[in-house]
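Here is the structure we will look at.
Every read-out reported here was derived from the displayed coordinates using simple, explicitly stated rules and does not represent laboratory data. Quick caveat: nothing in here was measured; it's all calculated off a predicted structure. Cβ: placed from backbone, ideal geometry, glycine included. Neighbour counts: every protein chain shown.
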């Protein structure tokens, strides 16, 4: 049947994406730079804030959990906050200021100079991510964007110190790439700040 979706086809599609990511040195360099910015901030007693919508909200919570709890091995917790989890805060801001402000308002309340804000948006065009990035920049907070390579990537990049672009315009593929990169960054942070065996 033409257009039939199969497990093998899905796995092959992901394998092709992973090969494009292996070949994408600018993406790798950007992700490495993002990890370095996080390491410097955490060593300086600052924190990471992470935000996104839908599947990207799940990524924000996932990555924060890997850092606050543990990733590969036991060690002290690392300061990371997902700005996507408090229903009272999200609904209060959404009701009082509009959905576009749900992350920016939290950055204004919680962020300090030297922190890092991750904004995850597969399209690159999410208004609430853009607003959060602008609020962060006003406060001397480093901004890291995660997106794909669609036309909205440039919009996000204009607001970020570092932009990590998965080489795909497809939302599910971008999300798969983000998960691989997010795990890699968590592992790099953990190993740098709390080397195994020390």
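Across 55, 145, 45, mean-square fluctuation computed from a Gaussian network of the chain (C-alpha pairs under 10 Å connected) peaks at 45. Between residue 91 and residue 15, the distance separating the two model label sites (each 7 Å from Cα on the Cα→Cβ line) works out to 4.7 nm.
Can you compute the helix-only [θ] at 222 nm over the chain? Use -39500 (n - 2.57) per DSSP H run of at least 4 residues, normalise by all residues, nearest 500 deg cm²/dmol.
Numbers: 8 runs with 108 residues, N = 198.
Here the helix-only value at 222 nm equals -17500 deg cm²/dmol.
Using a simple spin-label model with pseudo-atoms 7 Å out from Cα toward Cβ, residue 36 and residue 179 lie 2.9 nm apart. Based on Cα contacts under 8 Å between residues 6+ apart, the chain shows a relative contact order of 23 percent. Considering all C-alpha pairs of the chain, those separated by over 22 Å amount to 46%.
Using just the alpha carbons, could you tell me how many Å³ per residue the convex hull of the stretch 41-157 encloses?
Values: hull volume 12.2 nm³, N = 117.
Expressed per residue, the convex hull around the Cα atoms of the stretch 41-157 is 104 Å³.
Using the Cβ-Cβ distance between residue 196 and residue 43 with R0 set to 22 Å, the FRET efficiency from 1/(1 + (r/R0)^6) comes to roughly 0.80.
Among 120, 174, 89, the largest mean-square fluctuation in a Gaussian network model of the chain (Cα springs under 10 Å) belongs to 89. Between the stretch 83-122 and the stretch 8-66, the C-alpha centres lie 20 angstrom from each other. The length gained on full extension between residue 6 and residue 187, counted as 0.36 nm times the residue separation minus their Cα-Cα distance, comes to 62.0 nm.
Structure remark: mean-square fluctuation, Gaussian network model of the chain, C-alpha springs under 10 Å; the largest value among 12, 125, 33 belongs to 12.
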